[in-house]
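A.B. asks: Here's a structure for you.
The values are calculated or read from the model by the stated rules, or taken from the named source; none is laboratory data. None of the values given here were measured: they were computed from a predicted structure. Positions of Cβ are generated from backbone atoms using ideal geometry, with glycine treated the same way; all protein chains shown enter the neighbour counts. In case anyone asks, the SASA skips ligands and DNA or RNA and just uses the protein heavy atoms, side chains included. Shrake-Rupley method; radii C 1.70, N 1.55, O 1.52, S 1.80 Å.
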Amino acid sequence: MIPFDYQPRTRIVFGPDKIDSLGALAGELGARRVLVVSDPGIVRAGHAERGLASLAKAGIEAQLFDGVEENPTTANVEVGAAVAKRYNPELLVGLGGGSSMDCAKGINFIHTGGGRMHDYWGVGKAVRPMLPMIAVPTTAGTGSETQSFALISDAKTHVKMACGDKKASFRIALLDPALTVSQPPLVTALTGIDAIAHALETYVSKVRNPVSLAFSREAWLLLSENFARVIVDPDNLDARAGMQLGACFAGLAIENSMLGATHALANPLTTRYGIVHGQAIGLMLPHVIRFNGAEFGNWYRDLLEGTGGANGYADAESGFEGLADFVAGLARTAGLPGRLSLCGVERANLPQLAAEAAKQWTATFNPRRVGEAELLSLYETAF
Ligand SMILES: [Fe+2]
């Protein structure tokens with residue numbers, strides 16, 4: 001019997017064109033002044049404009065901050081916090097991919113608690129109440145909309161800081177699958193692989209529990225079934241909806257059981273080589289499944305049995321090896337390179353990367369112990 005403590009903190013509103021209810025939902029939370037945090041690509045796609053129109057229709061004043069970059073930095077957060085200080089909003093909206101949602105959390109930490117981003121690195125560092133926030137994800141990936149962590153990179157060292165606090169949970173996640181149709185094919189693939197990794201890493205995490213398992217299973221079912229569909233048929237709204245819900249449920253799984261070695265290995269690849277998160281994840285995940293499967297193969301088999309081979313590829317009989325092949329196949333389908341050597345990584349740097357991966361907090365949740373030596377051998381296998 002595994003004890004747990006779970007309180008749902010995020011109301012989930014789902015459906016096509018639900019973006020048009022942003023104003024009404026912000027009004028329900030009592031807001032009359034809203035800061036919308038987004039990035040230039042999302043603004044160009046017209047999504048921010050639609051959100052702003054809905055807010056205006058509800059009689060809510062709004063200011064747009066579109067200074068978010070991919071892998072948002074402390075610099076992005078500081079500029080956004082300065083805007084918030086001038087504008088004095090009553091509510092924040094994170095409208096975009098994981099970067100916009102995480103940046104909104106970061107801005108909220110500093111706006112309400114003062115100091116700098118580094119002060120919130122870790123868990124539960126916010127001492128004052130935070131402003132209510134609404135998430136409007138436009139990718140199906142990070143699951144930031146349903147978890148209380150913001151990943152913010154130090155603008156100088158590029159080290160990713162995981163800043164988590166239950167108060168930083170979005171009050172509402174507004175899931176409109178129509179917004180995810182505009183994702184470029186590469187973004188669809190990279191964010192989709194990341195979401196799949198979230199489902200699989202949380203399912204075998206050391207601190208997994210009945211709540212996290214329920215979310216991991218459903219996330220896996222939705223994501224494994226719909227990944228290939230959104231790659232070959234990007235306008236398929238049902239497939240997009242499946243990916244969006246899968247990513248959201250995977251976020252809830254992270255909230256309840258954290259991640260594992262794949263994310264520990266991926267972060268230094270992003271920091272050192274600028275390899276996009278989803279790609280770094282796609283490179284490492286099959287190898288981590290094989291590594292973990294050697295001791296926890298029955299867990300992966302249980303997952304495959306539970307989902308009944310519904311995706312048509314990985315079934316329980318093929319076990320963790322089949323699962324690792326399936327995941328590697330998904331990355332191939334999306335046209336992603338399969339080896340570190342194809343991404344500009346030099347073999348001589350693997351020990352340094354392993355030393356950095358060993359310092360990642362997320363590694364401590366991996367079911368099999370991973371120290372520097374194990375992480376190095378995982379990098380070597382993927383080279
Ligand atoms: Fe991730």
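A.B. asks: Output the residues belonging to the range 130-144 that are closer than 11 Å to residue 92 by Cα and either within 12 Å of the ligand (Cβ to nearest atom) or surrounded by fewer than 24 Cβ atoms within 10 Å (Cβ to Cβ) (or both).
C.D. replies: 130, 131, 132
A.B. asks: Same structure again: Are there any helices (runs of 4 or more DSSP H) wholly within the range 193-307 with 2 or more residues that are among the charged types (D, E, K, R) and either open to solvent by 30 Å² or more (accessible area, probe 1.4 Å) or within 16 Å of the ligand (Cβ to nearest atom) (or both), and if so which?
C.D. replies: 210-232, 237-257, 277-306
A.B. asks: Just to check your reading of the model, which residue among 169, 224, 257 is more than 27 Å from residue 379 (Cα to Cα) and polar (S, T, N, Q)?
C.D. replies: 169
A.B. asks: Looking at the range 305-361, which of the residues that are hydroxyl-bearing (Ser, Thr, Tyr) and at pLDDT below 90 is farthest from the chain's Cα centre (by Cα)?
C.D. replies: Among them, the one singled out is 318.
A.B. asks: Out of everything in the range 18-29 that is over 25 Å from residue 255 (Cα atoms) and touching a helix residue (DSSP H, G or I) at 6+ places or on another chain (Cβ under 6 Å), what residue ends up being least open to solvent (accessible area, probe 1.4 Å)?
C.D. replies: The residue in question is 23.
A.B. asks: Determine which single condition residue 93 fails, assuming it passes every other condition in (1) touching a His at 6+ places or on another chain (Cβ under 9 Å); (2) crowded, with 23+ Cβ neighbours inside 10 Å; (3) of a type in the set (A, V, I, L, M, F, W, C).
C.D. replies: Only one criterion is unmet by residue 93, namely (1).
A.B. asks: Under 9 Å by Cβ, and 6 or more places apart or on different chains, what pairs join a residue from the range 46-64 that is within 12 Å of residue 136 (Cβ to Cβ) and in contact (Cβ under 8 Å) with a residue 12 or more places away in the chain with one that is open to solvent by 60 Å² or more (accessible area, probe 1.4 Å) and part of a loop (DSSP other than H, G, I, E, B)?
C.D. replies: 48/66
A.B. asks: Output the residue which, of all residues in the range 145-164 that are open to solvent by 10 Å² or more (accessible area, probe 1.4 Å) and charged (D, E, K, R), is farthest from residue 223 (Cα to Cα).
C.D. replies: Here the residue is 156.
A.B. asks: Further, regarding this structure: In the range 166-187, how many are away from the ligand (no atom under 15 Å from the Cβ) and open to solvent by 10 Å² or more (accessible area, probe 1.4 Å)?
C.D. replies: The number of residues fulfilling the criteria is 11.
A.B. asks: Another question, then. Could you list all residues from the range 329-342 that are open to solvent by less than 30 Å² (accessible area, probe 1.4 Å) and part of a helix (DSSP H, G or I)?
C.D. replies: 329, 330, 331, 340
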